[in-house]
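A short write-up of the structure that comes next.
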Amino acid sequence: MAAKNTVTPARKSERLPLLPLKDVVVFPRMVLPLLVGRAHSVGAVEESLASGRAIFLCSQRDPDVEEPGKADVYEVGVKAEILQTLRGPENTMKVVVEGIERCEMRRFFGGMDHDEVQVAPIEEEGAATGLEGLMRTALTHFETYVKLGQRIAPEIPLSFSKIEEPAALADALSAYLSLRPAERQGLLELRGADARLEKICKTLLREIDLLRIEQKTSEQFREQMEHGQRERYLQEQLRIIHEELGNREGGDEIQELRAHIEEAKLPKEALERALREIGRYERMPPLSPESAITQTYIEWLSEVPWSKRTRDSLDLSRAQKILDEDHYGLEKVKERILEFLAVRKLSRSTKGPVLCLVGPPGVGKTSLGRSVARAMGRKFVRVSLGGIRDEAEIRGHRRTYIGALPGRIVQSMKKCGVKNPVFMLDEIDKLSVDFRGDPSSALLEALDPEQNKAFSDHYLEVDFDLHEVFFITTANSEYDIPEALLDRMEIVRLPGYTTFEKERIAELFLLPKQIKESGLSDREIHFTTKGLETIIFRYTREAGVRELERKIANVCRKVARQVVDAKKGKVARVSVTEKRVISMLGPPPYSDIDVEAKPETGVCVGLAWTQDGGDTLIVETLITRGKGELRLTGQLGEVMQESAQAAYTYLRAHAKELQIPTEFWKNRDVHVHLPEGAIPKDGPSGGCAIVVSLLSAMRKRPPMAKMAITGEITLRGRILAVGGLKEKVLAAHRARIETIFLPKLNEKELVEVPKEVQRDIRFVFVESLNEIIRLVFPARRKKPS
């Protein structure tokens, strides 16, 4: 929200930013909000706020013109003051303006960002005194207009009676008249207060006549409706007669609703509300529209699980067995579930935790929720939050809306039928925000263990207890979750799988599942170790196993077709070897030995963290004759560009000791490129790799082979810690990197890297660029003489 833009009125010609309006005419002393969306209009508002000047508001002659010029706007408008601004989506703004005085356009100045005009105030003409009678007549007509129309607050005429200036009264009345834009513009252009008051009186008399005709028509329509009301009255009398005789229609239905309420064991507040609604429902006519709404509401109150719950299975060894059966690895998550069960067994506390599983796609976050529910003996319910942008999706709609329903949380609780399920909120980082509210703010109450005992749904209008629910949320990136929401959850990070883990997951879970779904058996198909490794290394490049499962399914389908196409009943067992995998799946998209791992001059392998896990980052440098220009390409973000500038400056400052030309920056152009330019790249951890790539190109000497580097650099040559270490190391392991240079400050995080990965990679921890340069570019041996 911007501050008020203070403007001092002036009685001389001045140059102001121009804001053309569509079908809107603003009068002096009139305050109204405007939605500004056109680029020139937004520019005019920003110029007014920046310069402290007023803004000139005038109406367009044709509202369909998107880029109006001088001929497309009226000459007479209003000099206005911007009171408030609020920025909206897609470069739009909502501004509140107040008209100051009438002005006339003298000159028009077109601009690139906005247009400006030279304007001069319009002096009042005609009589300025002796208009008390005309003012009183106009106020009398306006009071009649307000009483008949009932669209304007009755306090408005009373406030207008205190206005003493004829011009001010005319402007105030003009703002409330229902006129077409052309008529309002004509009223604005009248230069005398007496002329404007006369015009207003004539307009009010015309509107009063129209309102009286409309009122008369409404009375005639009301008389026609009396016949229908009489029928409903007789039906109500008939209902009372049936009740007195003991055979009232609908009595069984109401008794059934009461029985459902008793069975539901509602808490005191909800029970009182339900009984009050049943009492209202009994007195309603059967054909009343509100009758069906009230009945639906009572049914929701009786069907939501207020007291029904499942008993937790507190056998820790059984829970451990179930978790291991469904998922390989994920030790942190399994440990947290067993801790919760241990606490429940000792304290019998019913408060459920709120876990947030953060990791790349395909690592098993969603399926883990089902395993947790099975291990605990609870029911499982899942709600996908991806793309939700309406707060009512979470809290529900109020009953005043047609077709109103509770929010997704209460609907899911009714669906599972118990008050203590395992409740998964999937893709919580994909929530959106628009004018209908912020769904993430609505989730704050549900996911706060201190507040969710009294969760408020707009439809139910009574508090619902969620404190026994075991909430599990999932996300690909914690940085996309609002901070207030993130603070209420316990973060459990799921990194990508190692090659060894992928092989075990495929053997234990994916192969048996896909063989069964394809209608095959172990007697008909067998995956060799080499064949499975070929799929993992040469056909997938992911942190999870989703693509791996698709490739395995593809092979199984092709084998299934061979079995069906065979003429004889018996088919020899198909052994899926490396050669057979390539013949079935086609040319591998990834080479067996990564090209990036081979030493090349000016090329260095960096490591990056993404929402999909870790990845390798290739940095290429080429030096040509030129004027000392540094070019950075590959869609680099601001932080990575700054890292490249720091690396370039470091080499300039230490050129002599690094044994490179001391004045390379004068007559050599340096071009640093990161391939896959369609993918945005950012972050400070590529600084070390950029230094090595630059130095390699300047020395015309490749760095050591099968090596990757990550680390943020400073101008002093120090190497700072980076984030996402485990994901980056796993990415290097997938790319068959043999040596990784890491910041010394990250050494303590190496315990999180799996042991099998640590055995395959040599880790070198460094504190300065001098250490890296000395190790990456080892001294050449002198040739024997």
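The values are calculated or read from the model by the stated rules, or taken from the named source; none is laboratory data. In this text the structure is predicted, and so the values were computed from the model without any measurement. Positions of Cβ are backbone-derived with ideal geometry, glycine not excepted, and every protein chain shown enters the neighbour counts. These area figures cover heavy atoms from the full protein model, side chains too; ligands, DNA and RNA do not enter into them. Shrake-Rupley method; radii C 1.70, N 1.55, O 1.52, S 1.80 Å.
At-a-glance table
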read-out: Amide N of the range 17-45 lying under 18 Å from the label point, which is placed 7 angstrom from the Cα of R61 along Cα→Cβ; value: 19-25
read-out: Kirkwood hydrodynamic radius (C-alpha pairs) into Stokes-Einstein, the range 312-376, 20 °C and 1.002 mPa s, D in µm²/s; value: 174
read-out: Unit charges at the beta carbon, dipole of the chain: most positive-side option, A721, S218, V358; value: A721
read-out: Largest-first principal axis extents, alpha carbons of the range 85-169, Å; value: 50, 37, 18
read-out: Length-normalised contact order for the range 431-512 - Cα pairs under 8 Å, 6+ apart - percent; value: 22
read-out: Estimated inter-spin distance, F763 and E483, nm [label 7 Å along Cα→Cβ]; value: 3.1
read-out: Cα→Cβ-extended label distance, 7 Å offset, between T624 and R541, nm; value: 2.7
read-out: Cα-based shape type of the range 676-749, given that a ≥ b ≥ c are square roots of the gyration tensor eigenvalues and the cut on a/c is 1.5; value: rounded
read-out: Fraction of accessible area attributable to carbon and sulfur, the chain (%, probe 1.4 Å); value: 50
read-out: Nearest-0.05 FRET efficiency for V433 and I213, computed from C-beta distance (R0 51 Å); value: 0.65
read-out: Estimated FRET transfer efficiency (L275, E738; beta-carbon r; R0 60 Å; 0.05); value: 0.20
read-out: Cut-off 12 Å (backbone N to label point 7 Å along Cα→Cβ of R550), residues of the range 327-368; value: 362
read-out: Extreme residue, positive dipole direction of the chain, given options H327, A735, L443 (C-beta unit charges); value: A735
read-out: Tilt relative to the chain, helix 638-653 - C-alpha long axis, 0 to 90 degrees, to 10; value: 50
read-out: C-alpha long axis of helix 687-699 to longest principal axis of the chain, angle in °; value: 60
read-out: Tensor-based shape of the range 8-160 (alpha-carbon gyration tensor, a/c under 1.5 rounded, otherwise prolate or oblate); value: prolate
read-out: Computed over the range 450-521, the ratio Rg/Rh where both radii use C-alpha atoms and Rh is Kirkwood; value: 1.21
read-out: Percentage, to the nearest whole number, of Cα pairs in the range 247-331 over 18 Å apart; value: 57
read-out: For the range 129-189, the fraction of alpha-carbon pairs in successive 5 Å shells from zero, as %; value: 3, 17, 29, 23, 20, 7, 0
read-out: Projected label distance in nm at L508 and A195, using a 7 Å step from Cα toward the beta-carbon; value: 9.0
read-out: Rounded to the nearest 20 debye, dipole of the range 85-182 from Cβ charges on Lys, Arg, Asp, Glu; value: 480
read-out: Compactness of the range 291-331 as Cα Rg over 2.2 N^0.38 Å, two decimals; value: 2.19
read-out: Ellipticity estimate at 222 nm from DSSP helix runs (n ≥ 4, -39,500 (n - 2.57)) divided over the chain, nearest 500; value: -13000 deg cm²/dmol
read-out: For the chain, size of Cβ-based charge dipole, Lys and Arg +1, Asp and Glu -1, in debye; value: 4480
read-out: Nearest-20 debye value, the range 610-670 charge dipole, Cβ charges on Lys, Arg, Asp, Glu; value: 480
read-out: Options G99, C58, L34, ranked by Cα towards positive dipole end of the range 1-118, top entry (Cβ charges); value: G99
read-out: Ratio of the Cα radius of gyration of the range 501-563 to 2.2 N^0.38 Å, where N counts its residues; value: 1.03
read-out: Between helix 251-264 and the chain: long-axis angle, C-alpha atoms, 0 to 90°, nearest 10; value: 40
read-out: Mean shadow area of the chain over all directions, Cα convex hull, nm²; value: 55.7
read-out: For the range 615-736: rounded, prolate or oblate by the Cα gyration tensor [a/c cutoff 1.5]; value: prolate
